[in-house]
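S.K.: Input: one structure, supplied below.
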Amino acid sequence: MMTSDPVIEFLKQSLPCRDSQIDQLYNLIPHKDHLTPPCIYVYGGASTGKTTLVTSMLQQLEIKHAIVNLVECYTSKILFESILNKLSDHKLDPTNPVPYARCDNLIDFISHLQAIEGLDRSVIVLDKAEELRNMEVNLLPGILRIRELTNLKITMILISDIVFEKYYSKSTNIEPLKVYFPQYNKDDLLEILTLDFDYVRKLAEETSVDFDVEFYKNYLNLFLSVFYRACRDLCELRHMSRSNFMKYIQPVVQKQCSVTDSMSLWRNISPILKNSLEVLYLRVDVTSEQMKSAAHSLELPYYAKYLLVAAYLASYNSAKDDKKLFVRNAGRKSRSVRDVKTKSKVSEQLNTQLGPKPFTFDRLLAIFYAILEEKVGFNNNLLAQVSSLVELRLLSTIGDGTSLDGQKYKCNVSFDFVHSIAKTIGFNIRKYLSDFSHL
Amino acid sequence: MQRLYKTFLIINILNGSGKDKIYKLVEGGKSLQAFKKMENKLLHILKCLKQNLLENKECHGYDKEEQQIFDLLERTLDCGESNSALLIGPRRCGKTLLVNKVLERIQHKDNFDTDCILVKLNGLIHTDDRLALKSTTSQMQLDNVVDGKVFGTFAENLAFLLECLRTGDKSKSRSVIFILDEFDLFCCHHNQTLLYNLFDVSQSAQAPICILGITCRLDVIELLEKRVKSRFSHRQIFLLPHENQTSNVHTVGDAVNKIEYYLKLPEGNKKLQINTAVAKQWNRNLNNLLKEKKFRNVIQRLIDLDNSEAMLKDFLVKVIFHFTGENLTVDLFQKELNILEEDDMIKVLQDLTVLELCLIISMKHHLEIYDNNPMNFEMIYNRFMKFANANAGIQNFQRAVMLKAFEHIQGLELISMLSNTGSKVQKEYQFFKLLVTPEQILDAVKKSSGLPTEVAQWARSSLT
């Protein structure tokens with residue numbers, strides 16, 4: 001509806017690119033004396049402003065509401081009690097946190113709701129509503145029919161990331177009214193990220209580099225050209241753009257080039273951006289120590305490294321290839337990976353794609369002795385190293401250990417990991433793998 | 001609201017950006033007033049329509065069934081007969097509404113308050129027999145009797161309730177009417193103790209009770225245990241959509257009549273704050289709309305999809321809540337129909353990043369090649385890398401970034417983990433199945449803008 005409500009104007013200013021959603025939601029929310037549908041389903045990708053919009057609209061319109069997050073309220077008891085606390089304005093005393101009412105089933109919840117005064121036209125918001133499906137079976141249909149069950153004019157708003165069809169079950173066939181929040185497109189993202197301008201100006205204050213909005217927009221364009229194809233999550237993009245901006249203006253700070261020299265700025269930032277694409281969502285600094293390979297930080301004993309390599313070979317090679325790979329002068333041909341490779345290509349699915357296969361302890365030892373150049377006696381130390389590898393979760397055991405043909409193991413590390421381990425002991429692992437032609 | 005408006009102005013002034021707007025507001029004061037007036041008028045109309053749609057408690061058709069239930073309850077009330085019956089009908093056909101209507105009629109009888117107690121239970125909220133009994137006790141207003149005693153075990157509670165039902169002979173005792181909504185859920189209770197005891201009382205003529213179950217399951221009798229089944233009277237009342245009943249809409253004419261019923265404004269009703277002229281104008285517009293051929297085509301399409309009245313009502317609710325402007329138009333209905341036919345899944349697919357969509361396309365190809373065998377990340381990764389290496393235009397991504405993208409797809413439930421693989425497997429090798437169809441993927445690829453042409457072509461190519 002064309003509306004002159006100042007709240008709408010305010011919301012549209014504070015949440016750009018969400019005009020249509022604001023209008024839709026405004027029509028559905030019980031302000032003034034509007035009648036509302038019993039249930040509204042708000043859905044869309046992560047960080048598209050669902051919760052922010054619902055929360056701020058309810059606050060601005062001064063509607064009585066309770067917002068609970070289903071990840072926090074993981075049982076129905078906590079859920080019911082926190083909704084009741086919020087709706088009854090019950091303040092929890094930190095020294096003695098007694099809820100408004102003890103309530104652990106739907107029937108108590110309904111009777112408590114009916115007992116609270118002035119709940120007509122109030123709203124209950126359930127964030128991360130997909131969790132409802134993992135709770136009691138009667139909860140979701142009960143929530144969807146809360147108005148019918150309580151005879152109160154309560155509106156339920158469910159906020160979720162996934163489509164509503166995932167909620168269908170035997171006992172739910174109520175379709176709520178849906179409001180979809182589409183993901184921001186590139187232009188929207190540019191517009192929203194430009195709002196950061198004041199923030200980055202403050203960041204750059206100490207460096208005494210002066211720049212204008214256009215400069216920042218240019219940077220964002222470069223930034224999005226690298227990141228947009230991998231990530232459309234606004235929060236993550238904002239974090240990334242902020243943390244990389246200082247690196248972008250680094251050459252200007254060091255007086256290597258001027259603000260207008262966009263070409264050399266681009267040359268400087270492009271490898272940095274590519275690197276930071278790697279740590280997307282991880283929230284670590286690219287340059288920090290954490291990024292160094294785990295294989296290097298893990299200092300295994302010499303024989304343990306060989307054992308791990310042997311375990312990897314045992315997991316990813318089939319047992320019938322062992323003879324060709326490890327026995328010296330087997331048959332007429334010397335050991336060559338080539339014919340093993342040609343043979344294995346016939347099989348449709350490569351071992352590498354199916355993950356590690358279990359192997360016996362005997363096979364592990366056999367391969368271990370085959371790849372180890374020197375002679376080493378079989379003793380308790382070796383056995384202990386196998387179990388410490390299991391302890392480190394580099395290997396895992398299969399079965400309960402009571403089976404007659406001994407314990408079986410599986411290797412849990414990736415190729416990159418074992419490759420760098422093998423390098424430290426000067427062992428060429430590719431030579432011994434039948435399926436890794438593509439690596 | 002006034003206060004909010006002021007804060008808005010203050011915020012604007014603080015921002016320094018709203019000055020022009022305020023001038024405009026002051027200048028346009030007159031037109032603003034006219035606008036407000038019009039808006040108010042619309043608000044009242046919409047309010048009336050919403051009331052009509054959301055709070056309409058009228059129940060049409062089913063006159064015969066209504067009389068049947070009424071007679072049943074009346075005999076329990078007047079003659080002290082014990083009865084049991086099941087009311088069976090598809091979801092949202094108006095079962096509970098019908099029962100409520102009958103109950104309202106029977107509550108108007110003079111002897112209801114003195115001779116009868118009504119107990120309403122709902123399978124959704126009374127999830128076990130203990131809760132059901134507790135609720136029954138309070139609805140029978142026996143709380144005060146229980147109050148002094150310690151609320152003991154289930155068996156004691158049950159015995160107490162039965163005792164209360166047993167006291168007095170047929171002529172003196174008050175009759176009890178039990179309404180069990182979502183009856184099928186009561187059948188899941190342990191040993192069906194509640195049902196067994198209720199039916200047993202109704203059979204053995206101890207106290208006059210009437211049990212009316214409401215359910216949507218046609219096979220509900222099969223859910224009852226043998227000893228429970230034998231105590232049930234096997235009186236079933238079906239609310240099935242017959243030809244001659246009005247709960248279903250069979251022709252466009254029916255649908256148009258229904259729409260007229262819901263969307264027409266009452267003329268000359270003072271309480272609604274709509275003056276007669278406005279209401280007349282609205283109704284005239286509505287009538288014109290209903291006669292339009294284009295509109296009838298839209299409605300035809302709608303009832304081809306689903307011809308239940310509940311669905312039509314839902315549709316009208318959506319139309320009214322999305323209603324903007326002054327008058328209902330065909331376009332409005334057409335737009336709503338398009339939304340109804342839209343696939344939400346495609347919208348979600350369109351929201352994916354290029355990388356994620358590429359992974360989905362890889363999955364589609366994988367399933368085509370391997371005849372719907374399950375896939376894991378490693379397989380999809382290799383398939384995508386093959387494509388990326390063959391096309392220079394595709395940006396290359398780190399493995400970790402792709403694993404993140406894969407997990408995001410999993411979070412959106414576009415793929416789901418196969419349950420038979422244990423949790424011990426590394427996540428790269430965990431098997432998944434795809435939950436979207438190839439058609440949906442192609443549709444999404446067609447609709448999303450800014451996709452590299454190589455990717456679109458790759459999606460269309462049948463085998464890579």
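S.K.: Against the definition (over 25 Å from B:Ser173 (Cα atoms), of a type in the set (Gly, Ala, Ser) and buried (at least 20 other Cβ atoms within 10 Å of the Cβ)), how does B:Gly61 come out, yes or no?
M.R.: Details: over 25 Å from B:Ser173 (Cα atoms): yes; of a type in the set (Gly, Ala, Ser): yes; buried (at least 20 other Cβ atoms within 10 Å of the Cβ): no.
Spelling it out, it is not the case that B:Gly61 is over 25 Å from B:Ser173 (Cα atoms), of a type in the set (Gly, Ala, Ser) and buried (at least 20 other Cβ atoms within 10 Å of the Cβ).
S.K.: Is it true that B:Leu73 is within 14 Å of chain A (Cβ to nearest Cβ), modelled with pLDDT of 80 or more, closer than 30 Å to B:Ala310 by Cβ and assigned to a helix (DSSP H, G or I)?
M.R.: Against the criterion (within 14 Å of chain A (Cβ to nearest Cβ), modelled with pLDDT of 80 or more, closer than 30 Å to B:Ala310 by Cβ and assigned to a helix (DSSP H, G or I)), B:Leu73 does not qualify.
S.K.: Further question on the same structure: If we scan region B:358-376, do we find a residue that is in contact with a Leu (Cβ under 6 Å, 6 or more places away or on another chain), facing chain A (nearest Cβ under 10 Å) and closer than 30 Å to A:Lys178 by Cβ?
M.R.: Scanning region B:358-376, I find no residue that is in contact with a Leu (Cβ under 6 Å, 6 or more places away or on another chain), facing chain A (nearest Cβ under 10 Å) and closer than 30 Å to A:Lys178 by Cβ, so the answer is no.
S.K.: Also, quick follow-up: What is the one condition in (1) surrounded by fewer than 18 Cβ atoms within 10 Å (Cβ to Cβ); (2) part of a helix (DSSP H, G or I); (3) more than 11 Å from chain A (Cβ to nearest Cβ) that B:Glu39 does not satisfy?
M.R.: (3)
S.K.: Six or more apart or on different chains, Cβ under 8 Å: which pairs go from a residue in region B:331-352 that's under 25 Å from B:Gly411 (Cα atoms) and at the interface with chain A (Cβ under 9 Å from one of its Cβ atoms) to one that's open to solvent by 70 Å² or more (accessible area, probe 1.4 Å) and in a helix (DSSP H, G or I)? Could you list them?
M.R.: B:Asp344/A:Glu165; B:Met345/A:Glu165; B:Gln350/B:Lys447
S.K.: Let me ask something additional. Which of the numbered conditions does A:Thr52 fail, given that it passes all the others? Conditions: (1) open to solvent by 10 Å² or more (accessible area, probe 1.4 Å); (2) within 20 Å of A:Val163 (Cβ to Cβ).
M.R.: (2)
S.K.: For A:Val71, which of the numbered conditions (1) part of a helix (DSSP H, G or I); (2) closer than 30 Å to A:Arg238 by Cα fails to hold?
M.R.: (1)
S.K.: Can you find, within region B:325-377, the residue that is least open to solvent (accessible area, probe 1.4 Å) among those that are touching an Asp or Glu at 6+ places or on another chain (Cβ under 8 Å) and outside any helix (DSSP H, G or I)?
M.R.: Ranking the qualifying residues of region B:325-377, first place goes to B:Asn376.
S.K.: Checking A:Leu15 against (1) under 32 Å from the mean Cα position of the chain (by Cα); (2) at pLDDT below 85, which test does it fail?
M.R.: (2) is the only condition that A:Leu15 fails.
S.K.: If I ask for residues that are in a loop (DSSP other than H, G, I, E, B) and open to solvent by 50 Å² or more (accessible area, probe 1.4 Å), which ones from region A:8-37 would you list?
M.R.: A:Lys32, A:Asp33
One line per residue, one yes/no per condition, for (1) modelled with pLDDT under 85; (2) under 22 Å from B:Ala400 (Cβ atoms); (3) in contact with a helix residue (DSSP H, G or I) (Cβ under 7 Å, 6 or more places away or on another chain); (4) open to solvent by 30 Å² or more (accessible area, probe 1.4 Å):
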site	(1), (2), (3), (4)
A:Ser336	yes, no, no, yes
A:Thr342	yes, no, no, yes
A:Ser347	yes, no, no, yes
A:Ile371	no, no, yes, no
A:Ser387	no, no, no, yes
A:Val390	no, no, no, yes
A:Lys408	no, no, no, yes
A:Ile421	no, yes, yes, no
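S.K.: Do we have any residue at all in region A:146-164 that's within 16 Å of A:Tyr43 (Cβ to Cβ), open to solvent by 10 Å² or more (accessible area, probe 1.4 Å) and without any contact (Cβ under 8 Å) to a residue 12 or more places away in the chain? Working first, answer last.
M.R.: Of the residues in region A:146-164, the ones within 16 Å of A:Tyr43 (Cβ to Cβ) are A:156-164.
Now restrict to residues that are open to solvent by 10 Å² or more (accessible area, probe 1.4 Å): A:161.
Next, from what is left, pick out any that are without any contact (Cβ under 8 Å) to a residue 12 or more places away in the chain: none.
Checked region A:146-164: no residue is within 16 Å of A:Tyr43 (Cβ to Cβ), open to solvent by 10 Å² or more (accessible area, probe 1.4 Å) and without any contact (Cβ under 8 Å) to a residue 12 or more places away in the chain.
S.K.: Among the residues of region B:288-324, count how many are open to solvent by less than 60 Å² (accessible area, probe 1.4 Å), closer than 27 Å to B:Lys57 by Cβ and either in a helix (DSSP H, G or I) or among the aromatic types (Phe, Trp, Tyr) (or both).
M.R.: Total meeting the criteria: 19.
S.K.: All but one of (1) polar (S, T, N, Q); (2) over 23 Å from B:Gly411 (Cβ atoms); (3) more than 12 Å from chain B (Cβ to nearest Cβ); (4) free of Cβ contacts under 8 Å to residues at least 40 places away in the same chain hold for A:Ser122; state the number of the condition that does not hold.
M.R.: All conditions pass for A:Ser122, except number (4).
S.K.: Exactly one of (1) closer than 15 Å to A:Thr360 by Cβ; (2) at pLDDT 85 or above; (3) not aliphatic (A, V, I, L, M) is unmet by A:Gly399. Its number?
M.R.: Status for A:Gly399: all satisfied but (2).
S.K.: To continue, here is another question. Given the criteria of a type in the set (S, T, N, Q), in contact with a strand residue (DSSP E or B) (Cβ under 7 Å, 6 or more places away or on another chain) and more than 27 Å from B:Val348 (Cα to Cα), does A:Ser122 qualify?
M.R.: yes
S.K.: Which one of the conditions (1) within 13 Å of chain B (Cβ to nearest Cβ); (2) assigned to a helix (DSSP H, G or I); (3) open to solvent by less than 10 Å² (accessible area, probe 1.4 Å) does A:Tyr43 fail to meet, given that it meets all the rest?
M.R.: So the condition that A:Tyr43 fails would be (2).
S.K.: Here's something else I'd like to know. Against the condition among the aromatic types (Phe, Trp, Tyr) and farther than 30 Å from A:Leu113 by Cα, how does A:Phe181 come out, does it pass? Lay out the reasoning, then the answer.
M.R.: On the way: among the aromatic types (Phe, Trp, Tyr): yes; farther than 30 Å from A:Leu113 by Cα: yes.
It is true that A:Phe181 is among the aromatic types (Phe, Trp, Tyr) and farther than 30 Å from A:Leu113 by Cα.
S.K.: Going through region B:211-240 one residue at a time, which ones are farther than 17 Å from B:Leu121 by Cβ and of a type in the set (Phe, Trp, Tyr)?
M.R.: Result: B:Phe238, single match.
S.K.: Given the criteria more than 10 Å from chain B (Cβ to nearest Cβ), of a type outside the set (Lys, Arg), within 28 Å of A:Ser56 (Cβ to Cβ) and open to solvent by less than 10 Å² (accessible area, probe 1.4 Å), does A:Ile116 qualify? Give the derivation first.
M.R.: On the way: more than 10 Å from chain B (Cβ to nearest Cβ): yes; of a type outside the set (Lys, Arg): yes; within 28 Å of A:Ser56 (Cβ to Cβ): yes; open to solvent by less than 10 Å² (accessible area, probe 1.4 Å): no.
Considered against the rule, which asks whether it is more than 10 Å from chain B (Cβ to nearest Cβ), of a type outside the set (Lys, Arg), within 28 Å of A:Ser56 (Cβ to Cβ) and open to solvent by less than 10 Å² (accessible area, probe 1.4 Å), A:Ile116 comes out as no.
S.K.: Against the definition (open to solvent by 50 Å² or more (accessible area, probe 1.4 Å), away from chain B (no Cβ under 12 Å) and of a type in the set (A, V, I, L, M, F, W, C)), how does A:Val98 come out, yes or no? Working first, answer last.
M.R.: Details: open to solvent by 50 Å² or more (accessible area, probe 1.4 Å): yes; away from chain B (no Cβ under 12 Å): yes; of a type in the set (A, V, I, L, M, F, W, C): yes.
Against the criterion (open to solvent by 50 Å² or more (accessible area, probe 1.4 Å), away from chain B (no Cβ under 12 Å) and of a type in the set (A, V, I, L, M, F, W, C)), A:Val98 qualifies.
S.K.: For region B:189-230, please list each of the helices (runs of 4 or more DSSP H) lying entirely inside it that holds at least 3 residues being not hydrophobic (A, V, I, L, M, F, W, C).
M.R.: Here the list reads B:193-204, B:226-229.
The values are calculated or read from the model by the stated rules, or taken from the named source; none is laboratory data. What you see is a predicted model; the values in this text were computed from it and never measured. Virtual Cβ from ideal backbone geometry, glycine too; neighbours counted across all protein chains shown. Quick note on the areas: whole protein, heavy atoms, side chains included, nothing else; ligands and nucleic acids left out. Shrake-Rupley method; radii C 1.70, N 1.55, O 1.52, S 1.80 Å.
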